[in-house]
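The values are calculated or read from the model by the stated rules, or taken from the named source; none is laboratory data. Fair warning: this is a prediction, and the values are worked out from it, not measured in the lab. We place every Cβ from the backbone using ideal geometry, glycine too, and count neighbours over all the protein chains shown. Heads up: the accessible areas ignore ligands, DNA and RNA and are worked out on the full protein's heavy atoms, side chains in. Shrake-Rupley method; radii C 1.70, N 1.55, O 1.52, S 1.80 Å.
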Amino acid sequence: MKAYDFIIVGSGVAGLSLALKAAAFGKVLVVTKKLSRSGSTNLAQGGIASVMHPEDSLERHFQDTLEAGAGLCREERVRLLVSQGPAVIENLVKWGVRFTKNGRKGSLNHGIPYHLAREGGHSNERILHANDLTGLEIQRALIQAATAEPNIQILENYMAIDLITAKHLLRRQRNGGDRCHGLYALDSQRNRVVALFGAATVLCTGGAGMVYSHTTNDSVSTGDGIAMAYRAGVAVEDMEFMQFHPTTFYNPGHPTYLISEALRGHGGVLRNHRGDPFMDGVHRMKSLAPRDVVARAIDAETKKSGHPCVYLDMTAFSRSDLRKHFPNIFAHCVKMGLDMSKERIPVVSAAHFTCGGVKVDENSATGLPGLYAVGETACTGVHGANRLASNSLLEGLVFSECALKHIVASSLSRPNQVDFREWNSLNVKPAPETIIYSHAFETIRSTMWHYVGIVRTDARLARAWEFIRVISRQIQHDYWSFSMEPNLIELRNLTLNAELIIRSARRRKESRGLHYNLDHPGLWPRIRHITLRRNAG
């Protein structure tokens, strides 16, 4: 297979926006497990944050982000993030994204063409959205634009396995330092492993939300890019900060359904089973407090009361108002037998966003030349210890632009594939039973939910480490003993992500943002990030 100028792994907002811009500079290959209706971009209900209102300011967005991040944000990158908001919106509209328009007349709309919502942690209305399915609309527009671009080739149903680095070179070619030359991937439909070569490789594979048994993430979110980078010797950072979305529809036995934070921004109130607005005594922003605060408060409320959920009260609003602003959430509630204009919505928290990830610099470059990471796969530092709502789509778009500029300026050359060893199948045979992968998958997710969840202790983390290490050894054995198949690839990556989260959580002897440890309730006197490298620490 020929070499490319850009190999982009993943087809969410970060990957496709980068592909669309990179197509002007060379041949682009997008490698993806699935293309449409999958991934975190597709599931994003709320919207994308950008300063648009004349009474808002970049400084307020900046300060809101820092406050949510609990002191761990990299400030210069946050300033870059918020400053690029308006330009990002302009690009999305150019690519065909249809944001919800401002329905107010005359001077009431302040000259803003789009309706702006407000979400938790935001001091102003600055969330642009497409009703309550913003991610789906952005994904639709980007896929349509990318498939029409002749310089972009998309390989669907390909599963990335590992990065191609200097160790895969033929011995006579091993001169110079290490770098990334592309990746090995499983063509799932033909059941064969192929080598894909590129001048620059960009990981845009999303986060690792599937490591928890209760998650808002799509099933593809198994932390593939994070695991691949770590195995290649690249540093990962702040993996202990897994954000739990405070409100998902409580319906045991059914798939998790996200109840957007925009409902609380619209005026919804969180209440306990007695009807008390319990957030009033927790935070000055009440039900619109940052996500880490709300998730912990819900966890404490359910443990104290023994009731399995709390309730989001939208009954102050009319049926017509709710159907207008939240048509899909309203329809889902009706499907579940609930009229949200008359009844409170039962909600619980679920794993939602990986704030840590592959450590990158301001150019989205990793420590391995030729390798970049963008979006939820990366740890840019803009989210710190807790992501501010609706900053994630913005991050993917802003830092994909940073990656492109650096790649183009670096003038990277395509590798010569004849210099590399072919994939070695090791003459392995298919696994006698693949049900063992399903069992391991369930065990990992249950362990992480119960022992490495919203509230942690040293004892819980130690127990989780013991459990996961046993599974890890079994998976490593299977990887080298049996032939490649999708479940084994994902399980290998998911297991490694679980290990990284636990290792990072055990090192952070404080409670900050999304990491809350009952044994260490205070803060360290000095701000520090937790960085992990293979064979280090």
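Please report, in debye to the nearest 20, how large the charge dipole of the chain is about its Cα centre when each Lys and Arg carries +1 at its beta carbon and each Asp and Glu carries -1 there.
Roughly 500 debye for the chain.
Using a Förster distance of 45 angstrom, determine the FRET efficiency expected from the C-beta separation of residue 101 and residue 315, and round it to 0.05.
Here the calculated transfer efficiency is 0.95.
What distance in nm lies between label points placed 7 Å from Cα along the C-beta direction at residue 323 and residue 429?
6.2 nm
Need one number: nm distance between label points at residue 421 and residue 436, each 7 Å from Cα along Cα→Cβ, rounded to one decimal.
Distance between the two pseudo-spin positions: 2.5 nm.
Residues with beta-carbon under 12 Å from that of residue 479, excluding residue 479: net charge, scoring Lys, Arg +1 and Asp, Glu -1?
Net local charge, residue 479 excluded: -1.
Work out, step by step, the length gained on full extension between residue 303 and residue 519: first 0.36 nm times the residue separation, then minus their alpha carbon distance; give nm to one decimal.
76.0 nm
Considering the dipole of the chain built from charges on the beta carbon (Lys and Arg +1, Asp and Glu -1) around the Cα centre, which of 345, 525, 441 is farthest to its positive end?
Positive-most Cα among the choices belongs to 441.
Applying a 10 Å radius around every beta-carbon, put 316-329, 470-483 in order of their mean neighbour count, most first.
Going from most to least packed, we get 316-329, 470-483.
Given the chain, report the % of alpha carbon pairs whose separation exceeds 41 Å.
Distances greater than 41 Å cover 18 percent of the Cα pairs.
In the full protein assembly as shown, how much of residue 184 is accessible to a 1.4 Å probe, in Å² to the nearest 10?
Approximately 10 Å² for this residue.
Below 14 angstrom from the Cβ of residue 332, what's the summed charge of the other residues (Lys, Arg +1; Asp, Glu -1)?
Combined, the nearby Lys, Arg, Asp and Glu give -1.
Express the carbon and sulfur contribution to the solvent-accessible surface of the chain as a percent, rounded to the nearest whole number, probe 1.4 angstrom.
49 percent
What FRET efficiency do you get for residue 148 and residue 2 if R0 is 22 Å and r is their Cβ-Cβ distance, rounded to the nearest 0.05?
0.55
What dipole magnitude, in Debye to the nearest 20, does region 205-294 give about its Cα centre under +1 on Lys/Arg Cβ and -1 on Asp/Glu Cβ?
360 debye
Would you mind giving the average projected area, over all directions, of the Cα convex hull of region 128-228 in nm² with one decimal?
So the mean shadow area of the Cα hull is 9.8 nm².
For the chain, what does the helix formula give at 222 nm: sum of -39500 (n - 2.57) over DSSP H segments with n ≥ 4, over the residue count, nearest 500 deg cm²/dmol?
-10500 deg cm²/dmol
Residues of region 410-529: accessible area per residue at 1.4 Å, in Å²?
Computed with neighbouring chains in place, this is 53 Å² per residue.
Considering only protein heavy atoms, what per residue accessible area in square angstrom results for region 167-321 with a 1.4 angstrom probe?
On a per-residue basis, 36 Å².
Say R0 is 25 Å: what FRET efficiency, to the nearest 0.05, do residue 466 and residue 231 get from their beta-carbon distance?
0.65
Please give the residues of region 235-263, grouped as numeric ranges, whose backbone N is less than 17 Å from a label point set 7 Å along the Cα-to-Cβ vector of residue 331.
257-260
With everything on Cα atoms, drop me the angle between helix 486-507 and the longest principal axis of the chain, reported from 0 to 90° to the nearest 10.
70 degrees
When the chain is fully extended, how far beyond the present Cα-Cα distance does residue 443 get from residue 189, taking 0.36 nm per residue of separation?
Between residue 443 and residue 189, full extension yields an extra 88.6 nm.
Could you tell me which residue out of 470, 277, 399 lies farthest along the dipole of the chain toward its positive end? Charges go on the beta carbon: Lys and Arg +1, Asp and Glu -1, centred on the Cα centre.
470
Please compute the contact order of the chain in relative form: average sequence separation of alpha-carbon pairs under 8 Å and at least six residues apart, divided by the residue count, as a percent.
22 percent
What do you get for Rg/Rh of region 405-500 when both radii come from the Cα atoms and Rh is the Kirkwood radius?
1.15
At q = 0.17, 0.24, 0.27 Å⁻¹, what log₁₀ I(q)/I(0) does region 296-379 have when each alpha carbon counts as one equal point scatterer in the Debye sum?
-0.78, -1.07, -1.19
So, in nm, how far is label residue 283 from label residue 343 when the simple model puts each one 7 Å beyond its Cα toward the Cβ?
Output for this residue pair reads 2.8 nm.
If you add up the charges near residue 370, with Lys and Arg at +1 and Asp and Glu at -1, over every other residue whose beta carbon is less than 13 angstrom from its beta carbon, what do you get?
Summing Lys and Arg as +1 and Asp and Glu as -1 gives 0.
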